[in-house]
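Values quoted throughout were computed directly from the atomic coordinates according to the rules given, and no laboratory measurement underlies them. The model shown is predicted, which means the values in this text are computed figures rather than measured ones. For neighbour counting, all protein chains shown are included, and Cβ atoms are generated from backbone atoms with ideal geometry for every residue, glycine included.
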């Protein structure tokens with residue numbers, strides 16, 4: 001499934017377009033717990049000052065009656081404070097369903113990343129699970145890519161391996 005980046009910071013729209021694709025892989029570990037709930041997950045691009053440059057995706061129970069799944073988005077505390085509370089859900093091109101344990105890949109093409117000025121960024125993945133914990137993983141990268149670039153990080157509780165691949 002392709003997901004669009006939905007908002008850009010003002011002042012970045014004049015940046016020239018860069019033809020590059022970003023692929024993110026997120027591993028959700030299989031946990032041996034009495035009561036398991038799939039985690040809510042937010043993916044975004046963050047500038048060096050930790051402000052949000054681009055929202056990429058948010059996985060949650062978006063099909064619950066009366067949009068009830070949104071009330072737990074606040075558990076993604078970092079993302080919620082920085083970007084989530086400003087949005088009206090569901091967000092076309094950003095909202096996706098929760099994912100089962102396993103590895104999940106998501107691609108973001110150049111058009112969905114337009115507006116990123118050249119510089120240093122972090123891919124940020126935050127997960128929170130009901131009757132569970134919360135975890136944030138950051139993977140640094142440079143934009144625009146001069147060559148194929150990869151980055152990896154590993155969570156310790158709610159997230160497993162996080163992978164990032166950027167192709168110019």
Identified option (computed semi-axes √(5λ) of the Cα gyration tensor in Å; candidates (1) 55, 18, 15; (2) 26, 18, 13; (3) 23, 20, 16): (2)
Burial order of peptide ranges 127-134, 41-48, 102-109 (average beta-carbon count within 10 Å, highest first): 41-48, 127-134, 102-109
Contact order normalised by residue count of the stretch 39-112, Cα under 8 Å, 6+ apart, percent: 32
FRET E, pair residue 98, residue 50, Förster distance 25 Å, beta-carbon r, rounded to 0.05: 0.45
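Rank these for me by crowding, 112, 65, going from fewest to most other beta carbons within 10 Å.
Working: 112 18, 65 6.
The fewest-first ordering by Cβ neighbours comes to 65, 112.
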Pairwise FRET efficiency - residue 32 versus residue 105, Cβ, R0 = 22 Å, nearest 0.05: 0.30
